[in-house]
Amino acid sequence: MQIPQSISKILKRELNQLLCSTEWLNILLEEGLYKFEQQLHKAITGLYDRIAGLLIEYLGKSEIFEVAQRIMAKEVGLKKLEFRSVKVQLRTGTKIKYDSLYAKKIPSGYQNTRHLSELIWRSDKGASPMYKSLCCLLSVLCPSFEVTKELLRYQGITANSNRIRSASLSLSSECMRDRVCVQLESGESMKDKHVVIGIDGGRTRIKKYTDIKDSKREQQFDTPWIEPKMFVITTYDEQGRISKETRPIYDSTFGDEEMVELLSQYLKVLEIEKAQSVQILADGALWIWNRIIPMLRELGVDKDKIIETLDYYHATEHLNDLKDYLENDEEDKIFTKLKESLWKGDISKMKRLIKKGIPDVDLKKFNPYKYFYKNRNRIDYQSLKEQNRACGSGIIESAIRRIINLRFKGPSTFWFPENVEKLIYMRGIALSGRWEIMMNNLTS
């Protein structure tokens, strides 16, 4: 489809005026580089809006676009179409008006837009994909929606916090419909790789309305803590370093079973059964080990390829708690030997040392020992180190801090559960360097 001569002439004239103006040299000379860049950016943004406006308005009236809309309507079951004026907000924040087919009749349960052009262009809530992308990206990276608003204003884009929130949640909801695949590259696989999966829980506070109303008859709410269960999937090279060739994958949800099921969906798509090895890094929470290992076996991962690892730093914390029970005069010497035995994964020697340091102990009821006994197959750190394997769960601890704590655990910050899960997910995509992959998958 070619641009009409009339539009082409207008665009060429405006571009020539922009490029040939001698005023730019005067601004650069007299007002400095900052003012020059500021005004040039404003002029180019105006040209961007002018080009987009002319082309969108023209296409909205074209026969070929009408046909495309009618085909889309038939595919999704929208009927009784009529032309209506609609606006789309571009990346620059400017709203462009054009004509679109609108469906007066929709199928039962339909919750999407009735404007066919918005379905084709994925411009839900009158926001273009690039506008939603920019709002959402800044929203999950900045400490608040208010800071996002100021950052957009600095770029010449006027938006209030509600609009930013709405656009961000619109994009995140769209991504959640294809949650697993939308952030993965086409054909991405863990075949022949050393895969590492870290699992842990974060904390955030949710907003939960009650039936109680205050003196102003406004509904009150509680702000209980809730634990998003997060995982990270990444790979290590032969030297035991995090591979730079693989972008990490982050995701989280609420509930033990839900998290395991979500992780299983990712691993299935990534062909985890073809991995060279699969190492699980976590703390001593039994719900993790009781679910993850059977799930990996169901996905076809060979038992000999699975490496279970109790995070070394959690283990040493439990060992420090055990020190308080030691009553022997050789307490320090025994504790030093306990640390050495833990590093070597020698549970038998740990048992003998505990009995020596606490003569009257009943090991069957002694929780500090039971913790290590239950995890006896996950604590051979010396062998792991020799094989260039990870001993600590730094990858997931770091993820919890950067993705959840720094954005969703602030003081006096409360979230609706359905919103915070989406935004945590989007922040994980942003921090893993998968944002462009996600946008390309979403709009292709």
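The values are calculated or read from the model by the stated rules, or taken from the named source; none is laboratory data. All values derive from a computational prediction rather than experimental measurement. For neighbour counting, all protein chains shown are included, and Cβ atoms are generated from backbone atoms with ideal geometry for every residue, glycine included.
Restricting attention to the range 317-334, does a residue exist that is buried (at least 19 other Cβ atoms within 10 Å of the Cβ) and at pLDDT 90 or above? Among the residues of the range 317-334, not one is buried (at least 19 other Cβ atoms within 10 Å of the Cβ) and at pLDDT 90 or above, which makes the answer no.
Just give me the residues in the range 197-217 being within 18 Å of the chain's Cα centre (by Cα) and of a type in the set (Val, Ile, Thr), in sequence order. Those that are within 18 Å of the chain's Cα centre (by Cα) and of a type in the set (Val, Ile, Thr): ILE197, ILE199, THR204.
All of TYR131, TYR154 fail the test of being under 23 Å from GLN38 (Cβ atoms), among the aromatic types (Phe, Trp, Tyr), in contact (Cβ under 8 Å) with a residue 12 or more places away in the chain and not assigned by TED's automatic domain parsing to the domain that holds SER432, apart from TYR131. For the range 388-404, the set of residues classified as surrounded by 14 or more Cβ atoms within 10 Å (Cβ to Cβ), of a type outside the set (D, E, K, R) and more than 20 Å from GLY284 (Cα to Cα) consists of ILE403, ILE404, listed by residue number.
For the range 225-254, the candidate set comprises residues that are in a loop (DSSP other than H, G, I, E, B) and in contact with a strand residue (DSSP E or B) (Cβ under 6 Å, 6 or more places away or on another chain); within that set, the residue that is modelled with the highest pLDDT is PRO248. For GLN265, which of the numbered conditions (1) free of Cβ contacts under 8 Å to residues at least 60 places away in the same chain; (2) surrounded by fewer than 18 Cβ atoms within 10 Å (Cβ to Cβ); (3) not charged (D, E, K, R) fails to hold? Condition not satisfied by GLN265: (1).
Take the residues in the range 97-124 that are part of a strand (DSSP E or B) and crowded, with 20+ Cβ neighbours inside 10 Å; name whichever of them is nearest to the chain's Cα centre (by Cα). In this case the residue turns out to be HIS115.
The residue that is surrounded by the most Cβ atoms within 10 Å (Cβ to Cβ), among those in the range 41-86 that are closer than 30 Å to SER21 by Cα and charged (D, E, K, R), is ASP49. The residue pairs whose first member lies in the range 338-361 and is more than 19 Å from ASN377 (Cβ to Cβ) and not assigned by TED's automatic domain parsing to the domain that holds HIS318, whose second member is loosely packed, with under 15 Cβ neighbours inside 10 Å and polar (S, T, N, Q), and whose beta carbons are closer than 8 Å, counting only pairs six or more residues apart or on different chains, do not exist in this structure.
Do the conditions hold for THR92, that is, is it among the hydroxyl-bearing types (Ser, Thr, Tyr), assigned to a helix (DSSP H, G or I) and within 29 Å of SER168 (Cβ to Cβ)? No, not satisfied. Looking only at the range 149-163, decide whether some residue is among the small types (Gly, Ala, Ser) and either in contact with a strand residue (DSSP E or B) (Cβ under 6 Å, 6 or more places away or on another chain) or under 21 Å from TYR48 (Cα atoms) (or both). Checked against the condition, which is being among the small types (Gly, Ala, Ser) and either in contact with a strand residue (DSSP E or B) (Cβ under 6 Å, 6 or more places away or on another chain) or under 21 Å from TYR48 (Cα atoms) (or both), the range 149-163 yields at least one hit. Criterion applied to ILE226, ILE197 was being more than 16 Å from LEU262 (Cβ to Cβ), surrounded by 10 or more Cβ atoms within 10 Å (Cβ to Cβ) and of a type in the set (A, V, I, L, M, F, W, C), and the one residue passing it is ILE226.
For the range 3-29, taking the residues that are over 42 Å from the mean Cα position of the chain (by Cα) and touching a residue at least 12 places away in the same chain (Cβ under 8 Å), the one that is surrounded by the fewest Cβ atoms within 10 Å (Cβ to Cβ) is identified as PRO4.
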